[in-house]
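Q: Pasting in a structure now, in structure tokens, and then I'll have a few things to ask.
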Amino acid sequence: MANHSKPAHQAEYERKQHKEEMKQQVISFVLMILFTLIAFALVMFEVNSYFIIPTLIILAVVQVAFQLYYFMHMKNKGHDMPALMIYGGAAVAFLTIVTFTSIIWW
């Protein structure tokens, strides 16, 4: 019978990789919870709207980046086509919003 198990050094390397990936996911999850609490606090304490709106948008963009790179694994190899589709869709959505905003305002 052939032994199909991985060499010890490869198994150890994969174990370290999985541990590091889990650590990154936990850290990003904690940061997303923290950003959400900051957003709630800003709204709850009625901070100046000229400050709160850009801050909320920045926090949202950072959370979307965390979602894409850590939870949807866009940082991993082999996700080029899904990444292209997601970023292409985001670009089209952005251009659509800019187009309709400029049509309404001018």
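Q: Magnitude of the Cβ-charge dipole of region 14-75, K/R +1 and D/E -1, about the Cα centre, nearest 20 debye?
A: On the way: 5 positive and 4 negative charges, 59 e Å.
Once rounded to the nearest 20, the dipole reads 280 debye.
Q: What are the aspartates and glutamates whose alpha-carbon lies under 19 Å from the alpha-carbon of Lys75, with same-chain residues fewer than 8 places away excluded?
A: The qualifying aspartates and glutamates are Glu14, Glu20, Glu21.
Q: Just to confirm a number: summing +1 for Lys and Arg and -1 for Asp and Glu over residues other than Asn76 whose beta-carbon lies under 15 angstrom from that of Asn76, what do you get? If you can, show how the numbers build up before the last one.
A: On the way: positive: Lys75, Lys77; negative: Glu14, Glu20, Glu21, Asp80.
It works out to a net charge of -2.
Q: Mind checking the full-extension length gain between Lys75 and Leu37? Use 0.36 nm per residue of separation minus the Cα-Cα distance, one decimal, nm. Don't skip to the answer; put the middle values down first.
A: Working: separation 38, 0.36 × 38 = 13.68 nm, distance 2.61 nm.
Between Lys75 and Leu37, full extension yields 11.1 nm more.
Q: Where Rh is the Kirkwood radius over the Cα pairs of the chain, the temperature 25 °C and the viscosity 0.890 mPa s, what D in µm²/s does Stokes-Einstein return? It would help to have the intermediate numbers written out before the result.
A: Details: Rh = 17.5 Å.
D = 140 µm²/s.
Any read-out appearing in this document is the output of simple, stated calculations on the displayed coordinates, not a laboratory observation. Just so it is clear, the structure is predicted and the values come from calculations on it, not from any experiment. We place every Cβ from the backbone using ideal geometry, glycine too, and count neighbours over all the protein chains shown.
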